[in-house]
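The values are calculated or read from the model by the stated rules, or taken from the named source; none is laboratory data. The model shown is predicted, which means the values in this text are computed figures rather than measured ones. For neighbour counting, all protein chains shown are included, and Cβ atoms are generated from backbone atoms with ideal geometry for every residue, glycine included. Please note that ligands, DNA and RNA were not included when accessible areas were found on the heavy atoms of the full protein model with its side chains. Shrake-Rupley method; radii C 1.70, N 1.55, O 1.52, S 1.80 Å.
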There are 2 protein chains.
Amino acid sequence: MKFASLKTSSRDGALLLVSRDLSHAVSAAGIVPTLQSLLENWDEFSPRLEDLYQALSAGKAPGAFAFDPAAVTAPLPRAHQFVDASAFLNHGDIMERAFNLTVKKTPGIAVLVQRQGDEFRGPRDDYPFPTEEDQCDFEGEFAVITGDIGMGSTPEEAESQIRLVTILNDVSMRKHLFRELSMGFGFINAKPASVFGPVAVTPDELGDAWANGRVELDMRVSRNGEWFGHPNGREMDWSFGELLAHLAYNRNLKAGTILGSGTVSNRGYEQVGSACLAERRAVETIAHGKALTDFVHFGETLRFEVKNADGASIFGAIEHRFVKAD
Amino acid sequence: MKFASLKTSSRDGALLLVSRDLSHAVSAAGIVPTLQSLLENWDEFSPRLEDLYQALSAGKAPGAFAFDPAAVTAPLPRAHQFVDASAFLNHGDIMERAFNLTVKKTPGIAVLVQRQGDEFRGPRDDYPFPTEEDQCDFEGEFAVITGDIGMGSTPEEAESQIRLVTILNDVSMRKHLFRELSMGFGFINAKPASVFGPVAVTPDELGDAWANGRVELDMRVSRNGEWFGHPNGREMDWSFGELLAHLAYNRNLKAGTILGSGTVSNRGYEQVGSACLAERRAVETIAHGKALTDFVHFGETLRFEVKNADGASIFGAIEHRFVKAD
């Protein structure tokens, strides 16, 4: 199944089912009003939603209409828990080499950072930020959205509660990032609102590409219409289930928890490029002694998309313009 | 006004008004069902709630019943944003002296850490944790709960959106804390679920003690019935408005944002004691070369309460027992 949330006067939006080919949508209101409510009551509502989804994808759902990615906000418009991982060690390794960082990692324990869930932005919304001096960057990521996961769950138990998969652009302000990292307490001004793809999908929509608790597909990133990178999710150093189990060590994770992968990054970055500017700038710094690529200027457009083996878009595209805040 | 949330099958609880003396409560369901909904629509609902509150406090509200702090969960049972500050610099100074920490603070910028809001615990709930080896500690704090605060708000604008004030015990697992701090990305296993006081109150309930964007009252902490400390909120090095404006620099803060003060800590700690174990242990380490006070054992009870100048409890007490997780 594929889900989106229509922008409405409600802060939780209105739940839509979207056809497999992303061409059409239908209101799920007759079954359950919001994605948050569905996640809290998955077993109760998902069978009827599955029937409606099959009808929609076959062109037989009454009330279906053309799906417009500009009319939706994030699939889960707000969340009570959003955690972002840095689960591609290759990314951290490049950053540390380029900028002589000393991140004291504990071997075997992933870096995870607690984040705000009060406002996410939609896939086609303009993205306002105050000043280019903040060094605006993007990070193309995969994310999962879960049901309830009890304290002390194993990776297998946690993975079984992954209800949905989606993509995000984890917008980052690099000027604030190193300062905030060095304080130890994670990100505040370095990580304003995150931007999610048009739809979130059940793992079965990924077919064989949902493997080992990872999304084994390319994250295709372009900047102003030009290729920027297409690193693959298979090199994630921990599975989503392993990351969730680490989070759940001494607390329950409640339905609607979102866990991001961290920027997708591959060891063969010379060939596949990067999913964020900071990494390309780090690669340039290692090669040339200085970064050659600019941070994001006002007016630029970023695009993130994931396709299956047949070339079909799975989540739809994040495609958004960065603008000066009022 | 004073608000609580009755435990129900709904994850958002059911909104109660609680009388000024905390003796009685009445359902607010006829006006607005949950505290989250009230925070999103404050101007619409608060006048009728104010009328009901005055009637309740005068013993004239139909349907009023005895208020039971064991029947409620956190006033806001879950939140889309929970940020905790470390706004009493004295606390950090003691910790750094005792343990030779090198936190690279930026002068003038407060330490803030993004936290999870998916599950809070109620004021009388047992608190389960896996093992005493995790070095269980408590932190007595003040917190505010806000309406919507727009990107770029000034401290004054942000302070005007503070709707409610409450208290919390920010339970901390010290074994994980120093390791996670040294990684730079904030807290995961170091900070499991936080525990809130029975009620949250509008700032006017504090009278003159709500001053300079601070709660100028003692946080009274006892451990197993014995005094542990009573540091005062007036020594907070930033006002809540200043902290909120820093958070809102490049993003909107949405209604229902919770901001904690950090553990209350005073320069005269020899007289007033501390609101957390780590600080007392640090003071002991500086004085005696080693900590003398144990971390929390299973079966212990902690209590946190704030009284006004007349000796009346403002928020009710957090009084909870720590137990071994199943």
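The single residue among A:His297, A:His288 that is more than 21 Å from the chain's Cα centre (by Cα) and without any contact (Cβ under 8 Å) to a residue 24 or more places away in the chain turns out to be A:His288. Restricting attention to the stretch A:64-123, report how many residues are surrounded by fewer than 24 Cβ atoms within 10 Å (Cβ to Cβ), within 13 Å of the chain's Cα centre (by Cα) and of a type in the set (Asp, Glu). Summing the residues that are surrounded by fewer than 24 Cβ atoms within 10 Å (Cβ to Cβ), within 13 Å of the chain's Cα centre (by Cα) and of a type in the set (Asp, Glu) in the stretch A:64-123 gives 0. None of A:Glu156, A:Glu226 is within 27 Å of A:Asp294 (Cβ to Cβ), more than 12 Å from chain B (Cβ to nearest Cβ), open to solvent by 10 Å² or more (accessible area, probe 1.4 Å) and out of contact with any Lys or Arg (no Cβ under 9 Å at 6 or more places or on another chain) except A:Glu226.
Within the stretch A:57-70, residues that are over 10 Å from A:Val26 (Cβ atoms) have Cβ atoms under 6 Å from residues that are open to solvent by 60 Å² or more (accessible area, probe 1.4 Å) and not β-branched (Val, Ile, Thr) in these pairs: A:Ser57/A:Arg20; A:Pro69/A:Arg124; A:Ala70/A:Arg124, counting only partners at least 6 apart in sequence or on another chain. Within the option set B:Leu243, B:Leu217, B:Leu259, being open to solvent by 10 Å² or more (accessible area, probe 1.4 Å) and within 16 Å of the chain's Cα centre (by Cα) holds for one residue only, B:Leu217. Give me the pairs: first residue in the stretch A:101-125 and not assigned by TED's automatic domain parsing to the domain that holds A:Gly241, second residue outside any strand (DSSP E or B) and modelled with pLDDT of 95 or more, beta-carbon distance under 7 Å, and six or more apart or on different chains, which are they? Partner pairs satisfying both residue conditions: none exist. When residues in the stretch B:18-43 are screened for being without any contact (Cβ under 8 Å) to a residue 12 or more places away in the chain and not polar (S, T, N, Q), 2 of them pass. Take the conditions under 30 Å from A:Gly152 (Cβ atoms), modelled with pLDDT of 95 or more, among the charged types (D, E, K, R) and outside any helix (DSSP H, G or I) and apply them to A:Asp294. Does it pass? No; evaluated as a whole, the condition is false for this residue.
Looking at the structure I just gave you, is A:Thr285 under 27 Å from A:Met95 (Cβ atoms), open to solvent by 10 Å² or more (accessible area, probe 1.4 Å) and polar (S, T, N, Q)? Answer is yes for this residue.
Here is the figure for the stretch A:167-219: residues that are of a type in the set (Gly, Ala, Ser), free of Cβ contacts under 8 Å to residues at least 24 places away in the same chain and more than 9 Å from every other protein chain (Cβ to nearest Cβ) total 2. With the structure loaded, tell me whether B:Gly13 is buried (at least 23 other Cβ atoms within 10 Å of the Cβ), outside the structural domain of B:Pro231 (by TED's automatic domain parsing), more than 19 Å from B:Ala317 (Cα to Cα) and at pLDDT 95 or above or whether it fails that test. Considered against the rule, which asks whether it is buried (at least 23 other Cβ atoms within 10 Å of the Cβ), outside the structural domain of B:Pro231 (by TED's automatic domain parsing), more than 19 Å from B:Ala317 (Cα to Cα) and at pLDDT 95 or above, B:Gly13 comes out as yes. Across the stretch B:129-153, what is the number of residues that are in contact with a Pro (Cβ under 8 Å, 6 or more places away or on another chain) and open to solvent by 10 Å² or more (accessible area, probe 1.4 Å)? The total comes to 2. Determine, yes or no, whether B:Gln54 is of a type outside the set (Phe, Trp, Tyr) and either within 14 Å of chain A (Cβ to nearest Cβ) or buried (at least 20 other Cβ atoms within 10 Å of the Cβ) (or both). Criteria not met by B:Gln54.
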